[in-house]
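The values are calculated or read from the model by the stated rules, or taken from the named source; none is laboratory data. In this text the structure is predicted, and so the values were computed from the model without any measurement. Here the Cβ positions follow ideal geometry from the backbone for every residue, glycine too, while neighbour counts run over all protein chains shown. Surface accessibility is based on the protein's heavy atoms, side chains included, excluding ligands, DNA and RNA. Shrake-Rupley method; radii C 1.70, N 1.55, O 1.52, S 1.80 Å.
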Amino acid sequence: MPRSAPSPDKGRPRWGLRIATGTSVLLLVAGGVGHAVVTGLSEDVRRVDPFDGLENRPRDDNGANFLVVGTDRREGLTPDQKKRYNLGGSACDCTDTMLLVHLSGKRDRASVVSLPRDTYTQLPPHRDRATGRQLPARPAKLNAAYTAGGPALTVRAVEKMTKVHVDHYLEIDFTSFMKTVDVLGGVPVCTEKPLKDSYSGLEMPQGTTKLNGGQALQYVRARHLDGGSDLSRMKRQQRFIASLISRATETGVLMNPVRFEKVASSLLGSVRADQEFGTEQMMALGRAMRGFSPASSEFVSVPLADPDHRVPRLGSTVTWDREKADKLFAALREDRPLSGPAEPRRGGPPRVEVAPRNVGVEVANATGRQGLGSRIDRELRRTGFSTTRTPSNARRTQDGRTTISYDPGWNRSARALAAALPGAELVRAPRQGPRMKVTVGDPDQRVRPVRGPAPGSGPAEAPMRGDEVDCG
């Protein structure tokens with residue numbers, strides 16, 4: 001994902017709520033725990049009408065598209081929380097950035113696209129929110145749409161730039177983010193080096209730390225690390241949401257009616273949504289997302305042409321790489337993954353979603369045939385996989401099938417390995433970690449060469465998923 005320039009208003013907190021909170025709320029209201037429970041929860045949601053007066057909208061395509069908007073409202077936070085987590089100052093009636101969340105038609109994938117707050121755009125003609133005056137189209141930053149015209153102008157501006165039909169609108173604030181993390185008992189996050197940001201108050205040691213709500217907010221909004229790189233901040237946000245999804249699924253909160261109701265009811269009081277996001281939509285999401293995992297989601301930012309485009313009276317803005325952005329949003333409209341699946345290519349081995357060098361593999365021979373484990377290890381290494389080079393023997397199997405044991409958080413990596421082992425069966429092994437375990441049961445097992453994703457072949461840079469989240 002490209003870098004974007006630091007915003008000139010460095011004194012005001014910018015936060016990563018756009019990814020972590022939006023997606024966590026979608027998950028937590030999607031537990032599918034029963035119509036009666038969800039009906040009660042939907043009544044707690046505050047309502048807005050973001051589609052009022054919208055005309056000439058993009059065609060409604062496959063899947064469902066959510067516009068998730070983060071605001072810095074902080075009602076419900078105590079003075080102690082504001083002081084402890086550097087949340088002083090007054091809140092603005094504005095958005096920092098926005099997310100387009102696409103849930104696939106088959107409900108087996110979520111694609112999350114971050115829309116930079118400083119995107120240079122033309123706001124459509126609108127009635128000014130503060131004065132009531134009708135205003136013509138004008139140049140602005142994308143986040144000005146909310147200040148000028150509220151949710152409806154925000155939806156219009158996003159649909160105009162992306163040509164993606166927005167089905168539902170969710171508005172999240174600081175309070176719901178912190179509650180999401182706290183009711184889950186904290187979320188573990190790993191970092192390769194200590195992190196410290198005096199602006200957000202973040203201070204983390206090297207290794208794995210379980211963050212509470214306030215600490216998690218500091219982590220995802222910190223922007224004065226690594227030279228203020230937005231790319232680094234986005235990677236931290238992606239790492240956090242992958243960990244949060246794992247936490248939500250591992251703790252069983254999505255499938256426990258009593259706990260789910262307690263969790264969701266405490267969150268939805270600080271969420272605003274469109275009128276149509278009600279009981280049936282929550283139930284549909286619940287049914288769709290029962291098998292959701294970190295590796296079922298992909299996170300990208302819009303490709304940029306200029307991260308510091310200067311405009312009179314607007315200052316520093318960012319402009320999109322229109323050709324790449326169009327490909328990205330076309331993938332959403334056509335309900336395609338943002339990174340291509342494994343497909344045979346003429347003149348060469350098939351492509352896979354994860355480069356083989358990033359997939360760790362341990363091989364065990366369960367056939368009793370001497371030397372087979374070494375051959376499979378050697379051939380996998382030859383096609384690029386990171387094998388242990390020390391295959392072992394396993395108890396002989398009866399069905400004569402090769403299996404690949406994998407942690408669900410790394411299912412893209414598992415699919416890449418399965419493409420290289422025709423006929424192998426994938427077996428889920430929660431908490432196994434990133435290394436794949438191949439048990440060779442087929443005495444005639446062969447290894448097929450594969451290739452990683454083609455550089456620049458997708459509509460955006462390779463999305464980050466659960467496959468890349470681990471402290472080792």
| task | Can you work out which of the residues in region 117-153 that are in contact (Cβ under 8 Å) with a residue 40 or more places away in the chain and in a strand (DSSP E or B) is farthest from Leu170 (Cα to Cα)? | result | Pro139
| message | I'd like to know if region 325-336 contains one or more residues that are modelled with pLDDT under 90 and open to solvent by 50 Å² or more (accessible area, probe 1.4 Å). | response | yes
| query | Does region 143-152 include one or more residues that are modelled with pLDDT of 80 or more, within 21 Å of Gly63 (Cα to Cα) and buried (at least 21 other Cβ atoms within 10 Å of the Cβ)? | reply | no
| query | Restricting attention to region 77-116, and to residues there that are open to solvent by less than 10 Å² (accessible area, probe 1.4 Å) and not in a strand (DSSP E or B), which single residue is modelled with the lowest pLDDT? | reply | Leu87
| task | Look at region 368-410 and say how many of its residues are of a type in the set (Gly, Ala, Ser), assigned to a strand (DSSP E or B) and open to solvent by 30 Å² or more (accessible area, probe 1.4 Å). | result | 2
| Residues (open to solvent by 10 Å² or more (accessible area, probe 1.4 Å) and in contact with a strand residue (DSSP E or B) (Cβ under 7 Å, 6 or more places away or on another chain)) located in region 174-203 | Pro188, Cys190, Thr191, Pro194, Leu195, Lys196, Glu203
| request: Hey, can you tell me all the residues within region 369-398 that are among the β-branched types (Val, Ile, Thr) and under 33 Å from the mean Cα position of the chain (by Cα)? | output: Thr383, Thr387, Thr388
| query | Of all residues in region 160-172, which are outside any strand (DSSP E or B) and open to solvent by 10 Å² or more (accessible area, probe 1.4 Å)? | reply | Lys160, Met161, Lys163, His165, Asp167
| task | Identify all residues within region 181-215 that are modelled with pLDDT of 80 or more, closer than 13 Å to Ser243 by Cα and part of a strand (DSSP E or B); write none if there are none. | result | Val187, Pro188, Val189, Thr208, Thr209, Lys210, Leu211
| query | Looking at region 411-425, which of its residues are part of a loop (DSSP other than H, G, I, E, B) and open to solvent by 10 Å² or more (accessible area, probe 1.4 Å)? | reply | Pro422, Gly423, Ala424
| Quick one: in region 131-142, which of the residues that are crowded, with 19+ Cβ neighbours inside 10 Å and in contact with an Asp or Glu (Cβ under 8 Å, 6 or more places away or on another chain) is nearest to Phe51 (Cα to Cα)? | Leu142
| query | What are the residues in region 173-225 that are among the acidic types (Asp, Glu) and touching a helix residue (DSSP H, G or I) at 6+ places or on another chain (Cβ under 7 Å), if any? | reply | Asp182
